[in-house]
Amino acid sequence: MKNLILILFLASAGSILTGFLVDLEYSQKLIGFGVVGLFLVVFPLFSYYRWKDKDIKDYMLTKENLDKMKESQEDKKH
């Protein structure tokens with residue numbers, strides 16, 4: 001999955017750079033496809049890959065997590 005994301009990122013970035021640097025009839029389309037590839041394919045795949053084994057409750061501001069944060073701050077002060 002990691003390699004697929006890297007390949008898709010490089011392809012999208014290459015498409016954008018090619019669109020900017022090479023004067024072709026379809027340069028605007030290359031830039032557009034590169035941007036669409038980044039934001040509709042690469043970013044969602046990367047987000048899924050990074051968050052798939054994480055528990056969302058660890059990142060929410062619940063009463064328990066707020067209490068843990070207060071305890072850790074008090075421990076650092078002493």
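The values are calculated or read from the model by the stated rules, or taken from the named source; none is laboratory data. Computed from a prediction, not measured in an experiment: that's the story for all the values here. Accessible surface is based on the protein model in full, side chains and every heavy atom, while ligands, DNA and RNA are left aside. Shrake-Rupley method; radii C 1.70, N 1.55, O 1.52, S 1.80 Å.
Ignoring ligands, DNA and RNA, what accessible area per residue does the chain give at 1.4 Å, in Å²?
Numbers: 6970 Å² over 78 residues.
Counting only protein heavy atoms, the per-residue value for the chain is 89 Å².
What are the ³J(HN,Hα) couplings of region 54-70, residue after residue, when phi is run through the Karplus curve with 6.51, -1.76, 1.60 and θ = phi - 60°? Round to Hz, x for glycine and proline.
Computed from phi, the couplings for region 54-70 are 9, 9, 5, 5, 5, 10, 8, 8, 9, 4, 5, 5, 5, 5, 4, 5, 5 Hz.
Under a 10 Å cutoff between Cα atoms, tell me which one of Leu24, Leu45, Leu61 has the largest fluctuation in the Gaussian network model of the chain.
Of Leu24, Leu45, Leu61, the most mobile in the Gaussian network model is Leu61.
Expressed as an acute angle from 0 to 90° and rounded to the nearest 10, what is the orientation of the C-alpha long axis of helix 2-21 relative to the principal long axis of the chain?
Orientation of helix 2-21: about 50 degrees from the principal axis.
May I ask you to give the percent of accessible area on the chain that is carbon plus sulfur, with a probe radius of 1.4 Å? Please report the intermediate quantities before stating the final value.
Details: 4420 of 6970 Å².
With neighbouring chains kept in place, the figure for the chain is 63 percent.
Just to confirm the number: angle between the C-alpha axis of helix 27-37 and the first principal axis of the chain, 0 to 90 degrees, nearest 10?
Once rounded, the angle reads 30 degrees.
With every protein chain in place, what's the accessible area of Met60 (1.4 Å probe, Å², nearest 10)?
Solvent-accessible area, nearest 10 Å²: 90 Å².
Given the chain, what count of lysine pairs have C-alpha atoms under 18 Å apart, with each pair 8 or more places apart or on different chains?
6
With Cα extents along the principal axes in Å as the read-out, I listed (1) 33, 25, 18; (2) 65, 25, 19; (3) 29, 24, 20; which label goes with the value calculated from this structure?
Label of the calculated value: (2).
Springs between alpha-carbon pairs under 10 angstrom, Gaussian network model over the chain: which of Ile31, Ile16, Ile56 fluctuates most?
Ile56
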